[in-house]
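Asker: This is the structure I want to talk about, given as structure tokens.
The values are calculated or read from the model by the stated rules, or taken from the named source; none is laboratory data. Everything numeric in this text was worked out from a predicted model, so none of it was measured. All Cβ positions, even for glycine, are placed from backbone atoms using ideal geometry, and neighbour counts span all protein chains on display. Just the protein is used for accessible areas: all its heavy atoms, side chains included, with ligands, DNA and RNA removed. Shrake-Rupley method; radii C 1.70, N 1.55, O 1.52, S 1.80 Å.
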Amino acid sequence: MSESFIKNIPVQEYDVVIVGAGLAGTSAAMDIQKAGKKVAVISKLHPLRSHSGAAQGGINAALSAEDSPDLHAFDTVKGSDYLADQNAVEFMCQKAPETVRWIANCGAVFSRSSDGHIAMRPFGGATKPRACYAKDRTGLALLQTVYEQAIAAGVRFFSEWYVSDLIYKDGVTRGVVAFDLLGLNYTIFNAKAVMFATGGYARAYKVTTNAHANTGDGLSIVARHGLPLEDMEFVQFHPTGLAGRGILISEAARGEGGRLYNSEGERFMEKYAPESKELAPRDIISRCIAMEIREGRGVGPKKDAVEIRLMHLGERLIMTRLPELRDLAITFLGQDMIVEPVYISPTAHYSMGGIPCDIEGHVKKDSRGTIVTGLYAAGECACVSVHGANRLGCNSLLDALVFGRHTAETIINDLNNGTLILHKVTAEDADAAIGEVEGILHSKGEESVPVLRDRLRESMTENAGVFRTEESLLKEREILAELSERYRHIHIDDKNRVYNTDLEEAIELGHMLDYARFIVEGAIARKESRGAHFRYDYPERDDKNFLKHSYMFMHSDGTIKIEYGDVHIGKFKPKKRIY
Ligand SMILES: Cc1cc2nc3c(=O)[nH]c(=O)nc-3n(C[C@H](O)[C@H](O)[C@H](O)COP(=O)(O)OP(=O)(O)OC[C@H]3O[C@@H](n4cnc5c(N)ncnc54)[C@H](O)[C@@H]3O)c2cc1C
């Protein structure tokens with residue numbers, strides 16, 4: 001890269017730059033813009049293609065007379081295997097009813113009960129039906145509504161722009177470096193505040209419900225600056241992905257009454273969770289399915305799936321409440337749930353871990369809670385932590401919307417009270433980021449990106465998936481070290497600067513390789529089983545040693561250091577989870 005080119009990089013100034021245009025980023029931008037601040041949202045996708053739009057099942061809120069925010073909080077904490085911070089959980093559950101009513105008033109068309117109220121269905125781990133839904137396309141209804149509101153407020157979106165680095169120097173946040181995918185033109189976005197809302201990281205697994213874009217970029221970008229990531233070992237495996245494909249059959253299918261059977265025609269959840277059966281939390285059902293398959297009671301040509309049966313619900317209910325799910329199963333497996341069972345198996349779905357944040361959305365720089373001035377995060381890339389070791393279904397859209405908007409409020413306050421100033425950038429601040437992108441574009445090594453990525457995703461599924469052992473994790477540590485080394489010698493064939501998806505995928509693989517190491521190191525160190533993290537060699541939860549959040553730091557030599565921080569326990573004292 002010639003010096004003059006670097007000097008010519010345009011610099012745009014904002015009060016706030018938000019990376020990510022899903023539910024968290026877009027809702028925050030809307031509020032910040034309405035408060036009269038200058039805000040830009042940068043998204044590598046068109047906002048409506050963000051993964052929020054793929055959410056099917058619903059959004060939780062205790063709206064009915066027999067339910068309460070307190071009960072919602074209890075279910076969430078129990079579901080989290082007591083690792084969630086209870087102050088954050090209480091805040092989210094209290095805010096849930098007003099948040100759902102607010103978005104309904106903005107125009108989100110929820111499904112309604114016969115008396116005209118917002119309809120709610122049961123979901124796993126919830127003692128009352130509290131999943132408010134728009135058929136089985138809830139996320140799209142919410143995202144479209146928030147996007148419309150943001151556009152009406154005048155938010156400036158940079159769609160199909162890729163953020164490649166955070167400008168963070170001397171403990172000060174200054175902005176981000178980004179380029180447009182259309183022409184690979186670099187721009188520095190200089191801002192008083194930067195908010196990450198970059199979504200989840202389950203794309204590191206081969207079998208996953210996650211969209212192609214969910215490559216955890218924001219996490220690796222932050223971690224490369226020496227800032228910590230929290231609880232990364234906790235990856236949620238959803239019990240019902242279409243067999244062999246991973247594509248989600250929403251928990252709404254079980255919420256509406258779907259039942260799980262093994263090859264012997266046994267409704268096996270009756271023996272594992274006699275009370276809640278198919279409505280036990282996801283971590284438990286995923287393990288039960290995996291156990292049935294392991295013990296030879298799987299169905300399908302490879303005996304690597306179990307059945308979900310919905311035939312007894314009838315065509316009318318399926319067509320009115322689960323039409324998308326039916327389409328997906330027909331398209332990808334040729335199985336019509338109205339007349340036959342659908343084959344399903346666990347699939348990597350959600351990231352409980354992420355960028356550590358306090359309740360206000362400030363990013364933390366250590367396990368004691370010291371905050372980074374000017375840096376914020378919300379949504380799935382953040383760890384507040386409301387989901388602890390296992391998230392309950394329909395709490396994530398809620399998390400994105402509640403904490404997206406609450407973080408906006410924090411940023412507005414921080415701007416108004418003068419905590420944040422614009423720290424000027426120089427063109428050199430973009431040197432490293434641009435050097436890296438151009439280095440990949442011109443790379444001529446012998447390694448292929450798709451080959452390395454397949455190896456990463458297959459081995460993570462195999463060794464750091466639903467079941468883990470010291471042996472499998474140590475093996476994965478070695479595989480990741482080898483893949484990272486090979487990544488230094490990649491090549492990409494397409495050298496074009498216009499819509500170069502090869503380049504984007506190569507950058508994303510770099511992110512995946514970095515954060516995968518946090519998942520594995522966290523899992524090696526956590527010698528217990530809690531929520532989604534199940535160790536065969538340590539099958540019990542160990543509150544004495546591990547009722548703690550892990551904070552992991554990547555050093556410049558690539559090693560990862562772990563410290564542990566306290567969990568905020570409130571009125572719900574840790575107990576054994578029985579469902
Ligand atoms: C199939 C599926 C179904 C789900 N169903 C439900 C459900 O029913 N209920 C529920 O509560 N939760 C559900 N979830 C989870 C929930 O949808 C997500 O956790 C939530 O929507 C995340 O929102 P977000 O705003 O944090 O991120 P996302 O919506 O994922 O948005 C991330 C944004 O970051 C941008 N981005 C990322 N990296 C970069 C970069 N380097 N540069 C620029 N932009 C970048 C992307 O373009 C995107 O705009 C589901 C998830 C999946 C995968």
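Asker: Can you tell me which residue in the stretch 495-504 is least open to solvent (accessible area, probe 1.4 Å), limited to those that are assigned to a helix (DSSP H, G or I) and within 14 Å of W161 (Cα to Cα)? Step through it out loud before you land on a result.
Answerer: Residues of the stretch 495-504 that are assigned to a helix (DSSP H, G or I), as a first pass: 501-504.
If we keep only those that are within 14 Å of W161 (Cα to Cα) too, we end up with 501, 503-504.
Working: T501: 75, L503: 4, E504: 31 Å².
Only one residue fits best here, namely L503.
Asker: Out of S50, S27, which single residue is at pLDDT 95 or above, over 30 Å from K573 (Cα atoms) and within 16 Å of the chain's Cα centre (by Cα)? Spell out how you get there, then give the answer.
Answerer: On the way: S27 fails: within 16 Å of the chain's Cα centre (by Cα).
Residue meeting the stated conditions: S50.
Asker: Filter the stretch 461-485 down to the residues that are in a loop (DSSP other than H, G, I, E, B) and out of contact with any Leu (no Cβ under 8 Å at 6 or more places or on another chain), then identify the one that is farthest from H238 (Cα to Cα).
Answerer: First, pick out the residues of the stretch 461-485 that are in a loop (DSSP other than H, G, I, E, B): 464-467, 469.
Retained after the next criterion (residues that are out of contact with any Leu (no Cβ under 8 Å at 6 or more places or on another chain)): 465-467, 469.
On the way: G465: 11, V466: 10, F467: 13, T469: 20 Å.
Out of the qualifying residues, it is T469.
Asker: Right, K34: among the charged types (D, E, K, R), at pLDDT 95 or above and in contact with a strand residue (DSSP E or B) (Cβ under 9 Å, 6 or more places away or on another chain) or not? Steps first, answer last, please.
Answerer: Numbers: among the charged types (D, E, K, R): yes; at pLDDT 95 or above: yes; in contact with a strand residue (DSSP E or B) (Cβ under 9 Å, 6 or more places away or on another chain): no.
Here the answer is no, as K34 does not meet what is asked.
Asker: Collect the residues in the stretch 230-282 that are open to solvent by less than 10 Å² (accessible area, probe 1.4 Å), assigned to a strand (DSSP E or B) and within 23 Å of D327 (Cα to Cα), keeping them in residue-number order.
Answerer: Selection gives H238, P239, T240, G241, L242, L260.
Asker: Restricting to the stretch 198-213, count the residues that are outside any helix (DSSP H, G or I), within 11 Å of the ligand (Cβ to nearest atom) and surrounded by 24 or more Cβ atoms within 10 Å (Cβ to Cβ). Full working, then the answer.
Answerer: Step one: of the stretch 198-213, the residues outside any helix (DSSP H, G or I) are 198-201, 205-213.
Retained after the next criterion (residues that are within 11 Å of the ligand (Cβ to nearest atom)): 198-201, 208-213.
Restricting the remaining residues to those that are surrounded by 24 or more Cβ atoms within 10 Å (Cβ to Cβ) gives 198-201, 208-210.
Count: 7.
Asker: Now for a separate question. For the stretch 505-533, enumerate the residues that are in contact with a helix residue (DSSP H, G or I) (Cβ under 7 Å, 6 or more places away or on another chain), surrounded by fewer than 22 Cβ atoms within 10 Å (Cβ to Cβ) and assigned to a loop (DSSP other than H, G, I, E, B).
Answerer: Matches in the stretch 505-533: E528 only.
Asker: Tell me which residues, restricted to the stretch 73-98, are over 21 Å from the mean Cα position of the chain (by Cα) and closer than 17 Å to I578 by Cα.
Answerer: F74
Asker: For the stretch 456-476, give me each residue that is of a type in the set (K, R) and crowded, with 17+ Cβ neighbours inside 10 Å. Full working, then the answer.
Answerer: If we filter the stretch 456-476 for residues that are of a type in the set (K, R), which is where we start, we get 457, 468, 475.
Within the stretch 456-476, R457, R468 qualify.
Asker: So, in the stretch 285-297, of the ones that are among the aliphatic types (A, V, I, L, M) and open to solvent by 30 Å² or more (accessible area, probe 1.4 Å), which residue ends up farthest from L242 (Cα to Cα)? First the steps, then the outcome.
Answerer: The first filter runs over the stretch 285-297 and keeps only residues among the aliphatic types (A, V, I, L, M), leaving 285, 289-291, 293.
Subsequent filtering for residues that are open to solvent by 30 Å² or more (accessible area, probe 1.4 Å) retains 291, 293.
Working: M291: 17, I293: 15 Å.
Going through the qualifying residues, I end up with M291.
Asker: Just the residues that are touching a Ser or Thr at 6+ places or on another chain (Cβ under 6 Å) and on the phi > 0 side of the Ramachandran plot, please, taken from the stretch 360-401.
Answerer: Correct list: G361, G374, G388.
Asker: Something else about it: Output the residue which, of all residues in the stretch 387-410 that are closer than 18 Å to K34 by Cβ and not aliphatic (A, V, I, L, M), is most open to solvent (accessible area, probe 1.4 Å).
Answerer: Looking only at the stretch 387-410, we keep the residues that are closer than 18 Å to K34 by Cβ, and these are 401-410.
Then keep just the ones that are not aliphatic (A, V, I, L, M); that gives 403-407, 409-410.
Values: F403: 5, G404: 0, R405: 66, H406: 26, T407: 1, E409: 96, T410: 11 Å².
Among those residues, the one meeting the criterion is E409.
Asker: Looking at (1) away from the ligand (no atom under 16 Å from the Cβ); (2) not in a helix (DSSP H, G or I), can you tell me which one E458 breaks?
Answerer: Among (1) away from the ligand (no atom under 16 Å from the Cβ); (2) not in a helix (DSSP H, G or I), E458 violates only (2).
Asker: Related question: List, please: which pairs have Cβ atoms under 6 Å, are six or more places apart or on different chains, and start with a residue in the stretch 222-245 that is touching a residue at least 24 places away in the same chain (Cβ under 8 Å) and end with one that is part of a loop (DSSP other than H, G, I, E, B) and basic (K, R)?
Answerer: Pairs found: L227/K365; E233/R526; Q236/R391.
Asker: Could you list, in sequence order, all residues of the stretch 353-386 that are touching an Asp or Glu at 6+ places or on another chain (Cβ under 9 Å), open to solvent by 10 Å² or more (accessible area, probe 1.4 Å) and either within 16 Å of the ligand (Cβ to nearest atom) or of a type in the set (S, T, Y) (or both)?
Answerer: Those that are touching an Asp or Glu at 6+ places or on another chain (Cβ under 9 Å), open to solvent by 10 Å² or more (accessible area, probe 1.4 Å) and either within 16 Å of the ligand (Cβ to nearest atom) or of a type in the set (S, T, Y) (or both): S367, T373, E380, V384.
Asker: Within the stretch 287-397, considering only strands (runs of 3 or more DSSP E) that don't extend past its boundaries, which have at least 2 residues that are among the acidic types (D, E) and at pLDDT below 95? First the steps, then the outcome.
Answerer: Working: elements: 306-309, 342-351, 362-364, 371-377.
Answer list for the stretch 287-397: none.
Asker: Right, another one. Before we move on, is A193 away from the ligand (no atom under 13 Å from the Cβ), crowded, with 24+ Cβ neighbours inside 10 Å, more than 28 Å from E324 (Cβ to Cβ) and among the small types (G, A, S)? Write out each step before concluding.
Answerer: Working: away from the ligand (no atom under 13 Å from the Cβ): yes; crowded, with 24+ Cβ neighbours inside 10 Å: yes; more than 28 Å from E324 (Cβ to Cβ): yes; among the small types (G, A, S): yes.
Criteria met by A193.
Asker: Here's something else I'd like to know. Filter the stretch 168-186 for residues that are within 14 Å of the ligand (Cβ to nearest atom), closer than 27 Å to A35 by Cβ and either of a type in the set (A, V, I, L, M, F, W, C) or open to solvent by 10 Å² or more (accessible area, probe 1.4 Å) (or both) and give the result.
Answerer: Correct list: V176, V177, A178.
Asker: Right, something else. Applying the selection to the stretch 214-229, what residues are part of a helix (DSSP H, G or I), within 13 Å of the ligand (Cβ to nearest atom) and open to solvent by less than 10 Å² (accessible area, probe 1.4 Å)? Show your work before the answer.
Answerer: Our first condition is that a residue be part of a helix (DSSP H, G or I); within the stretch 214-229, this holds for 217-223.
Keeping just the survivors that are within 13 Å of the ligand (Cβ to nearest atom) gives 217-222.
Once the filter is applied, which keeps residues that are part of a helix (DSSP H, G or I), within 13 Å of the ligand (Cβ to nearest atom) and open to solvent by less than 10 Å² (accessible area, probe 1.4 Å), the stretch 214-229 yields G218, L219, S220, I221, V222.
Asker: Moving on to the next point. Just name the residue that is farthest from A348 (Cα to Cα) out of those in the stretch 431-455 that are over 28 Å from the mean Cα position of the chain (by Cα) and not in a loop (DSSP other than H, G, I, E, B). I'd like the intermediate steps shown before the answer.
Answerer: Filtering the stretch 431-455 for residues over 28 Å from the mean Cα position of the chain (by Cα) gives 431, 435, 438-439, 441-447.
Among the residues that remain, those that are also not in a loop (DSSP other than H, G, I, E, B) are: 431, 435, 438-439, 441, 444, 447.
Numbers: D431: 36, G435: 33, E438: 32, G439: 32, L441: 30, K444: 33, E447: 27 Å.
Ranking the qualifying residues of the stretch 431-455, first place goes to D431.
Asker: Kindly indicate whether any position in the stretch 55-66 is away from the ligand (no atom under 15 Å from the Cβ), more than 30 Å from F179 (Cβ to Cβ), free of Cβ contacts under 8 Å to residues at least 60 places away in the same chain and not aromatic (F, W, Y).
Answerer: Yes, the conditions are met somewhere in the stretch 55-66.
Asker: Kindly list the number of the only condition in (1) touching a residue at least 12 places away in the same chain (Cβ under 8 Å); (2) surrounded by fewer than 14 Cβ atoms within 10 Å (Cβ to Cβ) that fails for G334.
Answerer: Going through (1) touching a residue at least 12 places away in the same chain (Cβ under 8 Å); (2) surrounded by fewer than 14 Cβ atoms within 10 Å (Cβ to Cβ) one by one, G334 breaks only (1).
Asker: Could you list, in sequence order, all residues of the stretch 118-167 that are basic (K, R), open to solvent by 10 Å² or more (accessible area, probe 1.4 Å), over 20 Å from the mean Cα position of the chain (by Cα) and within 13 Å of the ligand (Cβ to nearest atom)? Please lay out each step first, then the result.
Answerer: Quick first cut of the stretch 118-167, residues basic (K, R) only: 121, 128, 130, 135, 137, 156.
So of that shortlist, the ones also open to solvent by 10 Å² or more (accessible area, probe 1.4 Å) come out as 128, 135, 137, 156.
With over 20 Å from the mean Cα position of the chain (by Cα) added as a condition, the list becomes 128, 135, 156.
Result: K135, single match.
Asker: Next up: Please enumerate the residues belonging to the stretch 411-437 that are open to solvent by less than 10 Å² (accessible area, probe 1.4 Å) and among the β-branched types (V, I, T).
Answerer: I411, I434, V437
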